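Right, one structure below, let's go through it.
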Amino acid sequence: MQFQSRDPRYRITASDSFDLTFPLSPEYNQLAVTVQPDGFVSLYGAGEAKVEGLTVPELTDKIREAYGKILHDPIVSIVLKDFNKPYFIADGQVGHPGKYDLRADTTLSEAVAIAGGFTEDAKHSQVLLIHRVGGQYVSSQVFDVKKMEAMKNMSEDPLVRPGDAIFVPKSTLSKVKGFLPSSNIGGYAPIK
């Protein structure tokens, strides 16, 4: 298994776009170069280049190399314009399940709050945080958010990383409450 670096650089993906400028050769400038679904971009006068998976410094080197065949020691500037923004996914017993932008350091309890908080059926003591580790590996941990909040000790509240998923399961009571005796009829009836 390969470990991720502590501060990984953003890697170019399909549908990202960037501005490509040449301060000394503006005739080669391209605005909004879009990475195609196959990972390639078309470069004026230099053909196509596969750029998916590269960091911006690696992309700069690749483009300098491509234009090095027609320009002497080209100076290149790249500015990302549209790219996959960091996100997390909240699912299960939260107010508004879905995909959310991750704009700053966010803890697990903050992410649950962003997703609308716990529903009345939520099992606060078994919140699952799923991290993607590389392309095919996942790591998951269960957190007792109820205990953290009750003890007012949020030091163990983990940071949510880009691409993480949070799952809040149903509580046991919510699974059986439809079969509990109803005070209105004196028997068993579904509670709505």
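Assorted remarks:
- Residue that is nearest to Lys146 (Cα to Cα), among those in region 116-132 that are of a type in the set (Gly, Ala, Ser) and surrounded by fewer than 16 Cβ atoms within 10 Å (Cβ to Cβ): Ser125
- From Leu59, Leu31, Leu71, residue being out of contact with any helix residue (DSSP H, G or I) (no Cβ under 8 Å at 6 or more places or on another chain) and surrounded by 14 or more Cβ atoms within 10 Å (Cβ to Cβ): Leu59
- Contact map, region 60-87: first residue modelled with pLDDT under 90, second residue aliphatic (A, V, I, L, M) and surrounded by 12 or more Cβ atoms within 10 Å (Cβ to Cβ), Cβ cut-off under 6 Å, separation 6 or more or different chains; pairs are Pro86/Leu102; Tyr87/Leu102.
- Count - residues of region 94-121 that are closer than 19 Å to Pro158 by Cβ and outside any strand (DSSP E or B): 14
- Restricting region 156-170 to residues that are under 16 Å from the mean Cα position of the chain (by Cα) and part of a loop (DSSP other than H, G, I, E, B) leaves a set whose member that is farthest from Gly98 (Cα to Cα) is Pro158.
- Residues being surrounded by 14 or more Cβ atoms within 10 Å (Cβ to Cβ), closer than 25 Å to Arg161 by Cβ, in the same structural domain as Gln126 (by TED's automatic domain parsing) and touching a Ser or Thr at 6+ places or on another chain (Cβ under 8 Å) are represented in region 95-103 by at least one member.
Residues checked against (1) over 30 Å from Pro26 (Cβ atoms); (2) out of contact with any Pro (no Cβ under 9 Å at 6 or more places or on another chain):
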{"residue": "His72", "(1), (2)": "no, yes"}
{"residue": "Arg103", "(1), (2)": "yes, no"}
{"residue": "His124", "(1), (2)": "yes, yes"}
{"residue": "Lys147", "(1), (2)": "yes, yes"}
{"residue": "Met151", "(1), (2)": "yes, yes"}
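- Ile89 within 18 Å of the chain's Cα centre (by Cα), buried (at least 16 other Cβ atoms within 10 Å of the Cβ), assigned to a loop (DSSP other than H, G, I, E, B) and among the β-branched types (Val, Ile, Thr): no
- Only residues that are assigned to a strand (DSSP E or B) and either among the basic types (Lys, Arg) or surrounded by 15 or more Cβ atoms within 10 Å (Cβ to Cβ) (or both) were counted across region 134-155, and they come to 1.
- Residues in region 19-35 that are closer than 15 Å to Lys81 by Cα and without any contact (Cβ under 8 Å) to a residue 60 or more places away in the chain: Leu20, Thr21, Asn29, Gln30, Leu31, Ala32, Val33, Thr34, Val35.
- The one condition in (1) closer than 17 Å to Val76 by Cα; (2) among the aliphatic types (A, V, I, L, M); (3) within 24 Å of the chain's Cα centre (by Cα) that Val35 fails to fulfil: (1)
- Sole exception among (1) under 30 Å from Thr21 (Cα atoms); (2) modelled with pLDDT of 90 or more; (3) not charged (D, E, K, R) for Pro162, by number: (2)
The values are calculated or read from the model by the stated rules, or taken from the named source; none is laboratory data. Keep in mind the model is a prediction, meaning the values are calculated, not measured. So basically every Cβ, Gly included, is an ideal-geometry build from the backbone, and we count neighbours across all protein chains shown.
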